[in-house]
Amino acid sequence: MSQRRSSSVPIERVPRRRQGGVRAIITGQVGLDKTPFLEEVAALAVKNGHSVELFNVGERMCAEAPDVVPRRILDLSRQRLTTLRRSVFKDILRAAEGGVDLIVNTHATFRWKHGLFHAFDYEHLRELGADLYVTLVDNVDAVHERLEREHETRHTLKDILVWREEEIVVTEAIAEAIAGYGHFYVVSRSNSRINVASLYRLMFEPHRKRVYPSFPMTHVMDLPEVLGEIDRFRNALAEHFITFDPGDVDEKRLLYEAGEATKRGEDTVTLTVNDRTVTLLAADITRIARDIDAQIYARDFKLIDQSDMIVSYIPALPSGRPVLSSGVERELQHAFESTKEVYVVWRPETEPSPFITETATGVFPSLDDFFEHIRKQGYLGSDPFSSK
């Protein structure tokens, strides 16, 4: 199928400092349970020959204040919180002087009983001079389940969505103020193995291609064979690239479940979340429908913007016709207008329209054909989980 010469202008790469290790600031809202995820990243880095130290700022602040009741540290005065945080960051800065690779697990903001306040010291962050700033995100129901189980908070689903946006916006502002454009990323905390690899690659393989996998979601929910094709496509990309997969935060399914429950005359939706059973009010889910749609729209474009290329998989219905959603078409257009490389794997029997071919760097009849082309470009990399 058709190919055209790429006019892509790659966004700024994460530079490596001439001396010292890689330094990454990782933020995310309360209820993400970032520590186990980041421990996996650190373990993968060690496996691949890197010396990594993980600093969990909250845990170290609590260790500095043994008089404080667990999980009530945010009830302390702002002055004491600042003092504790500065003490922890002095340890981080000393470790940075030793040249080790650092992962700093912290928050950008806190929204507690008396409102919103920042959770960082700008001067210390500027002195650390991190190479990479990442906000981890997760599905609203997964965060809700952890908050219910592990934290004493009074919250709504809308609150969780707001907190997530606050972390993203503030962390991106910090990154651009200190490091400049191209150093901030949104990464999903779900689908752990794949996203652990992506964060590892962002830190230690920054020149590996960053890819946004594009594929229909809502239109194929009742087509298991097509879903299987799409999963194989997503996994194949994740094996070789840094992937920012929009399907890893899939809150549209909550709206679908709430709608189906309402049709059955039921008031609640029962889900399996984090290997536990969670029951939500259908009305609470439908109440945040506009927020979910707005965040999908904004977040998916952000994921494209932080990528080098978009690869779109267009499956075929049993009739041979394409499953081409308006969302996929809009993603392709946004990527083209952002001067990204745009690749399309076109599985239907019918020929793609000019709206596909005229905006695509390359259109391929199969995933194998796409990978053959990419291999010739020298884009493929090894799996960091494989034995060295």
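The values are calculated or read from the model by the stated rules, or taken from the named source; none is laboratory data. Being a predicted model, the structure only gives us computed values, none of them experimental. Here the Cβ is made from the backbone with ideal geometry for all residues, glycine too, and neighbour counts use every protein chain on show.
Out of 357, 339, 361, 350, report the one residue that is in contact (Cβ under 8 Å) with a residue 12 or more places away in the chain, assigned by TED's automatic domain parsing to the domain that holds residue 312 and over 15 Å from residue 313 (Cα atoms). Show your work before the answer.
On the way: 357 fails: over 15 Å from residue 313 (Cα atoms); 361 fails: over 15 Å from residue 313 (Cα atoms); 350 fails: over 15 Å from residue 313 (Cα atoms).
It is 339.
Give the stretch 100-119 a look and list any residue that's out of contact with any Ser or Thr (no Cβ under 7 Å at 6 or more places or on another chain) and farther than 15 Å from residue 30 by Cβ, or say none.
Within the stretch 100-119, 102, 103, 104, 114 meet the criteria.
Hey, can you tell me all the residues within the stretch 275-308 that are polar (S, T, N, Q) and in contact (Cβ under 8 Å) with a residue 12 or more places away in the chain?
Taking the stretch 275-308 and keeping what is polar (S, T, N, Q), we get 277, 279, 286, 295, 306-307.
Of everything in the stretch 275-308, those that are polar (S, T, N, Q) and in contact (Cβ under 8 Å) with a residue 12 or more places away in the chain turn out to be 286, 295, 306, 307.
From 234, 299, grab the single residue that is touching a strand residue (DSSP E or B) at 6+ places or on another chain (Cβ under 8 Å), more than 27 Å from residue 159 (Cα to Cα) and basic (Lys, Arg). Before you say what the answer is, go through the steps one by one.
On the way: 299 fails: more than 27 Å from residue 159 (Cα to Cα).
Testing whether each residue is touching a strand residue (DSSP E or B) at 6+ places or on another chain (Cβ under 8 Å), more than 27 Å from residue 159 (Cα to Cα) and basic (Lys, Arg) leaves just 234.
Do we have any residue at all in the stretch 131-140 that's within 18 Å of the chain's Cα centre (by Cα), assigned to a helix (DSSP H, G or I) and not basic (Lys, Arg)? Let's see the steps before the verdict.
First, the residues of the stretch 131-140 that are within 18 Å of the chain's Cα centre (by Cα): 131-140.
Remaining after also requiring assigned to a helix (DSSP H, G or I): 140.
Of the ones still in play, those that are also not basic (Lys, Arg) are 140.
The answer is yes, given that some residue of the stretch 131-140 is within 18 Å of the chain's Cα centre (by Cα), assigned to a helix (DSSP H, G or I) and not basic (Lys, Arg).
What's the total number of residues in the stretch 66-123 that are loosely packed, with under 15 Cβ neighbours inside 10 Å and among the aliphatic types (A, V, I, L, M)?
3
Kindly indicate whether any position in the stretch 315-330 is surrounded by 21 or more Cβ atoms within 10 Å (Cβ to Cβ) and within 14 Å of residue 212 (Cα to Cα).
Within the stretch 315-330, one or more residues are surrounded by 21 or more Cβ atoms within 10 Å (Cβ to Cβ) and within 14 Å of residue 212 (Cα to Cα).
Across the stretch 295-316, which residue is farthest from residue 167 (Cα to Cα) among those that are aliphatic (A, V, I, L, M) and in contact with a Leu (Cβ under 8 Å, 6 or more places away or on another chain)? Write out each step before concluding.
Just the residues of the stretch 295-316 that are aliphatic (A, V, I, L, M), to begin with: 296, 298, 303-304, 309-311, 314, 316.
With the extra rule that they be in contact with a Leu (Cβ under 8 Å, 6 or more places away or on another chain), the set shrinks to 310-311, 314.
Values: 310: 25, 311: 28, 314: 33 Å.
Ranking the candidates gives 314 first.
Can you pull out every residue in the stretch 130-162 that is touching a strand residue (DSSP E or B) at 6+ places or on another chain (Cβ under 7 Å) and over 19 Å from residue 292 (Cβ atoms)?
Of everything in the stretch 130-162, those that are touching a strand residue (DSSP E or B) at 6+ places or on another chain (Cβ under 7 Å) and over 19 Å from residue 292 (Cβ atoms) turn out to be 130, 131, 132, 133, 134.
Yes or no, residue by residue, for (1) touching a Leu at 6+ places or on another chain (Cβ under 7 Å); (2) part of a loop (DSSP other than H, G, I, E, B); (3) surrounded by fewer than 22 Cβ atoms within 10 Å (Cβ to Cβ):
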position	(1), (2), (3)
202	yes, no, no
213	yes, no, no
229	no, no, yes
233	yes, no, yes
254	no, no, no
260	no, no, yes
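Before we move on, is residue 124 within 17 Å of residue 172 (Cα to Cα) and part of a loop (DSSP other than H, G, I, E, B)?
Considered against the rule, which asks whether it is within 17 Å of residue 172 (Cα to Cα) and part of a loop (DSSP other than H, G, I, E, B), residue 124 comes out as no.
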